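The values are calculated or read from the model by the stated rules, or taken from the named source; none is laboratory data. The shown structure was predicted, so the numbers you read here are calculated from the model rather than taken from an experiment. Quick reminder, even Gly has a Cβ in these numbers, built from the backbone with ideal geometry, and neighbours come from all protein chains shown.
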């Protein structure tokens, strides 16, 4: 006889499969509608990140890229060129692949929640993710949001799995995903020390040396995929700046006395990030990071207030628009 536990597992798998199909159909439908009604999907304005990513990815596939990696490179240097190489330069291959990885984000969210709270929790989590407006409506655009959400949930999933199984192989996979996520957006660096501690904890349950090995190997794996991009930037700038050379600019955008805590203020509509006057002045005088440190020590309460306001955004329901705004489309063609 089939055990009740096995029946529940089979039902859970079929439920997750149905949710995946619904998620994919929903995202493809949104891509279809927005591709018809928003020019920013297929022909974005030159001031947007979408246009920049399109241009850089096509330069790379055409063998014409000969500049530093200013932005974090994975999306436009690996992800988009891979799609172009396999399926051509049309818009729909990108929309289909991003719909697919966004639907997989839904499934891995459910699997992660199921490992922590049971199968019902996993189903609820996957349904909430499936119908998340942000995860759905960013899919049609050449932006890193869908890819980075996918990396982020894979990091959570592999971390939980590695803690349960205490497997070095899974920690290696987790480290690789962390590296890809950093190469997509550098803020994942903030999470890697904590994950390295988890790797240490999972290994130390057998002995101290095993814990150290797990943590060290995880850290090495995080760094290795970034080295080719860092070396390329070194060749182009004669300075070691890592896989992206935009660190100073990114720090300045969010850490000047005039900076909005989210980079832009809610309700401003679509557009590029705001560059306050203080940012322009600091950038013209010296390294922005040095000015930020000076400001933090000269006005510590003001600096801490800005960081606290950033933290509060986690609970803020309002969208902070950047390249697009969820309630605005551009029908001009």
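Structure notes:
- Test: residue 209 is within 25 Å of residue 194 (Cβ to Cβ) and surrounded by fewer than 17 Cβ atoms within 10 Å (Cβ to Cβ): yes
- Within segment 119-132, tally of residues that are loosely packed, with under 15 Cβ neighbours inside 10 Å and closer than 14 Å to residue 10 by Cα: 1
- Odd one out for residue 254 among (1) surrounded by 17 or more Cβ atoms within 10 Å (Cβ to Cβ); (2) in contact (Cβ under 8 Å) with a residue 60 or more places away in the chain: (2)
- Within the option set 301, 306, being farther than 22 Å from residue 248 by Cβ, in a helix (DSSP H, G or I), modelled with pLDDT of 80 or more and not assigned by TED's automatic domain parsing to the domain that holds residue 138 holds for one residue only, 301.
- Taking the conditions (1) under 30 Å from residue 320 (Cα atoms); (2) part of a helix (DSSP H, G or I) in turn, residue 265 satisfies each one other than (2).
- Check on residue 150, over 22 Å from residue 325 (Cα atoms), out of contact with any strand residue (DSSP E or B) (no Cβ under 9 Å at 6 or more places or on another chain) and either surrounded by 19 or more Cβ atoms within 10 Å (Cβ to Cβ) or modelled with pLDDT under 95 (or both): no
- Any hit, segment 194-203, residues being outside any helix (DSSP H, G or I) and touching a helix residue (DSSP H, G or I) at 6+ places or on another chain (Cβ under 6 Å): no
- Segment 257-284 residues that are exposed (fewer than 12 other Cβ atoms within 10 Å of the Cβ), paired with ones that are assigned to a helix (DSSP H, G or I) (beta carbon under 6 Å, 6 or more apart): 258/278
- Selection count, segment 60-84, where residues are without any contact (Cβ under 8 Å) to a residue 60 or more places away in the chain and touching a helix residue (DSSP H, G or I) at 6+ places or on another chain (Cβ under 6 Å): 7
- Taken together, the residues in segment 283-295 that are over 28 Å from the mean Cα position of the chain (by Cα) and at pLDDT 80 or above amount to 2.
- 2 or more residues without any contact (Cβ under 8 Å) to a residue 60 or more places away in the chain and under 19 Å from residue 79 (Cβ atoms): qualifying helices (runs of 4 or more DSSP H) within segment 107-171: 145-165
- With respect to the conditions (1) in contact with a helix residue (DSSP H, G or I) (Cβ under 9 Å, 6 or more places away or on another chain); (2) more than 30 Å from residue 226 (Cβ to Cβ), residue 18 falls short on a single one, namely (1).
- There is at least one residue in segment 258-273 that is more than 25 Å from residue 184 (Cα to Cα), modelled with pLDDT under 85 and within 24 Å of the chain's Cα centre (by Cα).
- Residue within segment 38-48 that is part of a loop (DSSP other than H, G, I, E, B), over 23 Å from residue 133 (Cα atoms), in contact (Cβ under 8 Å) with a residue 12 or more places away in the chain and out of contact with any strand residue (DSSP E or B) (no Cβ under 8 Å at 6 or more places or on another chain) present: yes
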